[in-house]
Structure formats: structure tokens, C-alpha cells
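The values are calculated or read from the model by the stated rules, or taken from the named source; none is laboratory data. If you're wondering where the values come from, they're calculated on a predicted model, not measured in any experiment. We place every Cβ from the backbone using ideal geometry, glycine too, and count neighbours over all the protein chains shown. Ligands, DNA and RNA are excluded from the accessible area calculation, which covers all protein heavy atoms including side chains. Shrake-Rupley method; radii C 1.70, N 1.55, O 1.52, S 1.80 Å.
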Amino acid sequence: QVQLLESGGGSRQPGESLNLSCSASGRGYTINKMGWYRQSPGAEQRELVALMFGRGRPNYAESVKGRFSISKDNTKNTVYLEMNNLKREDTAVYYCYADLLDGRLRGSDYWGQGTQVTVSS
């Protein structure tokens, strides 16, 4: 059974940095997409933060471009989110997301449990 295991949340002051990581456990799949969404306090839905595809450039939310950077280690089935110059509006629960393909190339969505990121002075 596949699980997404997140780590790295915490509290920072504005302008500081924080790194998140997410590893996909299990076997027998190919990562089609993997990345991060977040849900801000009071928001009804999660929003895309950064997403990596098997090929091509990652997608970023406009609000984090130039500040956040996503990367992956294929050997560890892990994605990393480097968050720099944090702003108060980055405060949210950050969820790892993955679209994994099975042996027949059928995709399934997986979510992590979420990790809290709080930016305040």
C-alpha cells in the first residue's frame, strides 16, 4: 500500500526559509506527478503550490514563483520543497500529492496527511 510521508513543517518568521520533503512508500508504481498543495486558514479548498511531472518543467503557483523551488530524487521517490523568503500568507497546511501509475498505467491520486507551516513575527 502506498503512503506519502511528509516532514519538515514548522514555524518561521517572515523572510526566513523552510524545507519540506515527501516520500512515497511502497512498490510497483511509476510517479506521474508529485508535488505540494496547501490549504490556508479559512480556505475551503486546497490550492496548488508546486507540481513536478515525469518530464518537463514544474508548475508553480504565481504567489510562490521566485521564492519556492521543488525538486525530486527519483531514487528515493521523494520530492522536496524549498521555501524561501516566507510570507505570512504562506501560512497553511501543506499537503503532499502524487499521481501514481500502476503496471497498466492506471493513475491513482494519493495525499499525505498534511504538515503545518506557520509564518508569523
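Can you tell me which residue is surrounded by the most Cβ atoms within 10 Å (Cβ to Cβ) among those in region 25-45 that are part of a strand (DSSP E or B) and among the hydrophobic types (A, V, I, L, M, F, W, C)? Restricting to residues being part of a strand (DSSP E or B) and among the hydrophobic types (A, V, I, L, M, F, W, C), the top hit is W36. Check region 4-22 and report whether any residue there is more than 18 Å from T118 (Cα to Cα), touching a Leu at 6+ places or on another chain (Cβ under 6 Å) and open to solvent by 60 Å² or more (accessible area, probe 1.4 Å). No; the residues of region 4-22 include none that is more than 18 Å from T118 (Cα to Cα), touching a Leu at 6+ places or on another chain (Cβ under 6 Å) and open to solvent by 60 Å² or more (accessible area, probe 1.4 Å).
Taking the criterion of being in contact (Cβ under 8 Å) with a residue 60 or more places away in the chain and out of contact with any Gly (no Cβ under 9 Å at 6 or more places or on another chain), the only residue of region 24-33 that qualifies is A24. The combined condition, being assigned to a loop (DSSP other than H, G, I, E, B), at pLDDT 95 or above and buried (at least 19 other Cβ atoms within 10 Å of the Cβ), is not fulfilled by L81.
Just one of L86, L48 is touching a Pro at 6+ places or on another chain (Cβ under 8 Å), aliphatic (A, V, I, L, M) and either outside any strand (DSSP E or B) or open to solvent by 50 Å² or more (accessible area, probe 1.4 Å) (or both); which is it? Among L86, L48, only L86 is touching a Pro at 6+ places or on another chain (Cβ under 8 Å), aliphatic (A, V, I, L, M) and either outside any strand (DSSP E or B) or open to solvent by 50 Å² or more (accessible area, probe 1.4 Å) (or both).
All conditions but one from (1) under 18 Å from S120 (Cα atoms); (2) assigned to a strand (DSSP E or B); (3) among the hydrophobic types (A, V, I, L, M, F, W, C) apply to C22; the one that does not is (1). Look at G56 and say whether it is outside any strand (DSSP E or B), open to solvent by less than 50 Å² (accessible area, probe 1.4 Å) and not hydroxyl-bearing (S, T, Y). Answer is no for this residue. Every condition in (1) loosely packed, with under 13 Cβ neighbours inside 10 Å; (2) polar (S, T, N, Q); (3) touching an Asp or Glu at 6+ places or on another chain (Cβ under 8 Å) holds for S69 except the one numbered (1). For region 89-109, the set of residues classified as over 16 Å from V49 (Cα atoms) and either open to solvent by less than 70 Å² (accessible area, probe 1.4 Å) or part of a loop (DSSP other than H, G, I, E, B) (or both) consists of L100, L101, D102, G103, R104, L105, R106, G107, S108, listed by residue number. S63 - would you say it is open to solvent by 40 Å² or more (accessible area, probe 1.4 Å), in contact with a strand residue (DSSP E or B) (Cβ under 9 Å, 6 or more places away or on another chain), under 17 Å from V119 (Cα atoms) and polar (S, T, N, Q)? Taking the combined requirement at face value, the residue satisfies it.
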